[in-house]
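K.L.:
One structure coming up, written as structure tokens, with questions to follow.
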Amino acid sequence: MFPLTLLRKAENRAMLVELKNGETYNGHLQSCDTWMNLQLREVTLTSRVSEATNQVQHIHALIHSLSSLLSLPSYLSSLSAL
């Protein structure tokens, strides 16, 4: 399965996004465009420098700044049936 297909099927599911600068965004994937830029809602931002967290309503993450993406194991196991 292709990465864009996986991301589109993960819409409205919880996702952890780590940026190249070390910050992490934990929220729900709202949408993904054809360049795999992500829009997340109800996001908890954790800084790389401190363990302080901030609540953000909505973010737009560009693909060139992403380091890794994580989703729930139950979502990934449901894809094996496809």
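K.L.:
Rounded to the nearest whole Å³, what is the per residue volume of the convex hull around the Cα atoms of the chain?
P.N.:
Numbers: hull volume 6.8 nm³, N = 82.
Hull volume over Cα atoms, normalised by residue count, gives 83 Å³.
K.L.:
Count the net charge of all other residues whose Cβ sits under 13 Å from the Cβ of SER67, scoring Lys and Arg as +1 and Asp and Glu as -1.
P.N.:
0
K.L.:
By counting other Cβ atoms within 10 Å of each Cβ, how are VAL49, VAL56 ranked from fewest to most? List each step's numbers first, then the result.
P.N.:
Details: VAL49 8, VAL56 14.
Placing the least packed residue first, the sequence is VAL49, VAL56.
K.L.:
May I ask for the net charge around LEU45, where only other residues with Cβ less than 14 Å from the Cβ of LEU45 are counted and Lys, Arg are +1 while Asp, Glu are -1?
P.N.:
Computed value for this residue: -2.
K.L.:
Most exposed first by the Cβ proxy, i.e. fewest other Cβ within 10 Å, how do LEU69, LEU40 rank?
P.N.:
Numbers: LEU69 17, LEU40 24.
So the ranking, lowest neighbour count to highest, is LEU69, LEU40.
K.L.:
Another question, then. For the pair VAL56/THR44, report the inter-label distance in nm, with labels modelled 7 Å from Cα in the Cβ direction.
P.N.:
Calculated label separation equals 1.6 nm.
K.L.:
Using unit Cβ charges (K, R positive; D, E negative) and no other charged atoms, how large, in debye to the nearest 20, is the dipole of the range 3-72 about its Cα centre?
P.N.:
In debye, rounded to 20, the range 3-72 gives about 160.
K.L.:
Given Cα pairs under 8 Å that are at least 6 residues apart, what percent is the relative contact order of the chain? Write out the running numbers ahead of the final one.
P.N.:
On the way: 149 pairs, mean separation 23.3, N = 82.
Relative CO of the chain lands at 28 percent.
Read-outs: derived from the displayed coordinates by stated rules, not from any lab. Computed from a predicted structure; not experimentally measured. So basically every Cβ, Gly included, is an ideal-geometry build from the backbone, and we count neighbours across all protein chains shown.
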